[in-house]
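Chemist: Here's a structure for you.
The values are calculated or read from the model by the stated rules, or taken from the named source; none is laboratory data. Quick caveat: nothing in here was measured; it's all calculated off a predicted structure. Please note: Cβ atoms are built from the backbone with ideal geometry, for glycine as well, and neighbour counts cover all protein chains shown. For accessibility, only protein heavy atoms count, side chains too; no ligands or nucleic acids. Shrake-Rupley method; radii C 1.70, N 1.55, O 1.52, S 1.80 Å.
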Amino acid sequence: MPKMHAVSRAESADPELSVGEVAKLVGVSVRTLHHYDSIGLLSPQSRSEAGYRLYGREELERLQQILSYRELGFELEAVAQLLDNAGDPVTHLIRQEALLNARLERLLSMRRQVRRQMEARKMGIDLTPKEMFEVFGNDNPAQYAEEAEQRWGNTDAYRQSQKAVKGYTKDDWQRIKAQVAAVEQRFIELMQQGVPADDERTQAAAEAHRQHITSSYYDCTYEIHTGLADMYEADPRFTKYYDDQAAGLAAYVAAAIRANAAGR
């Protein structure tokens, strides 16, 4: 009767690795692999002639799944249940991709919040993330902070604005936000009523707009105000901001500002 013995590496279709080789290959400790074996999570079926554990393709695939789930934050008990209760490697890869996508979305959301805080601080807005959300919701009042610094950083208006907003509290920002909303709502009402952009009532709304900027940020001269009007029409971002509230509002506000400046 032939003598029974362990299959050698040369005889195996897929080379088998020792515990030390596997540990080095995947970047875990030998102690970790021994622990996985002791709890039945990953137990190599093959042994060398000397009795040492040998890891084949199936064990290495299972180890890859274990490490992937661990990286996703699963405890070992949960990993064991996942691997034993559901199917083939493709099923696990699909699940892991979904979990990774969810984690990626969370990380991207966190990065957006960090960037938002950085931009706000550059602009001088000193609010906590919670206060930022309570005041501005998902809008980012400082989204153009870097661009504004590049375009107007050397102007008195920019320096005045930086100095003004630095001391604003949450209540101050809520008051300013309410004032802006009231001014913009007045423009919308006048436009929808068919009041011409050069009417006295519309010019009064434009003046309220200018005064709001002056009291909240910087001395908004009529020249500066007219420049803002040009930007509301020329820059699609500002045009969209107004036109999202009411179609044609950007052009209407711009015309009212020009009419108000000309009348002064």
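Chemist: For V79, V28, give the ranking by accessible area with the largest first, probe 1.4 Å.
Modeler: Largest accessible area first, the list is V28, V79.
Chemist: Would you mind putting 59-69, 215-225 in packing order, based on average other-beta-carbon counts within 10 Å, highest first?
Modeler: Listed from highest to lowest mean packing, they are 59-69, 215-225.
Chemist: Using θ = phi - 60° and the Karplus form 6.51 cos²θ - 1.76 cosθ + 1.60, what ³J(HN,Hα) does each residue of the range 52-68 get, whole Hz, x for Gly and Pro?
Modeler: 7, 5, 10, 9, x, 4, 4, 5, 5, 5, 5, 5, 4, 5, 4, 5, 5
Chemist: State, to one decimal in nm, how far the label point of E61 lies from the label point of R237, with both points 7 Å from Cα in the Cβ direction.
Modeler: 5.1 nm
Chemist: What FRET efficiency comes out for Q174 versus A98 if R0 is 25 angstrom and r is the Cβ-Cβ distance? Round to the nearest 0.05.
Modeler: Working from the Cβ atoms, E equals 0.05.
Chemist: Shifting gears a bit: Compute the distance in nm between two label points, each set 7 Å from the Cα along the Cα-to-Cβ direction, one at S215 and one at Q245.
Modeler: Calculated label separation equals 1.7 nm.
Chemist: Per-residue counts of other Cβ atoms within 10 Å, averaged by peptide: what ranking do you get for 185-195, 43-53, highest first?
Modeler: In descending order of packing, they fall as 185-195, 43-53.
Chemist: I've got another one for you. Kindly report the accessible area of the range 180-226 per residue (heavy atoms of protein chains, probe 1.4 Å, no ligands, DNA or RNA), in Å².
Modeler: 51 Å²
Chemist: Using the alpha-carbon centroid of each, what span in Å lies between the range 9-86 and the range 221-264?
Modeler: If we compute the Cα centre of each part, the gap is 67 Å.
Chemist: Assuming R0 = 41 Å, can you tell me the calculated FRET efficiency for the pair K166 and R106, based on Cβ-Cβ distance, to the nearest 0.05?
Modeler: Between K166 and R106 the formula returns 0.80.
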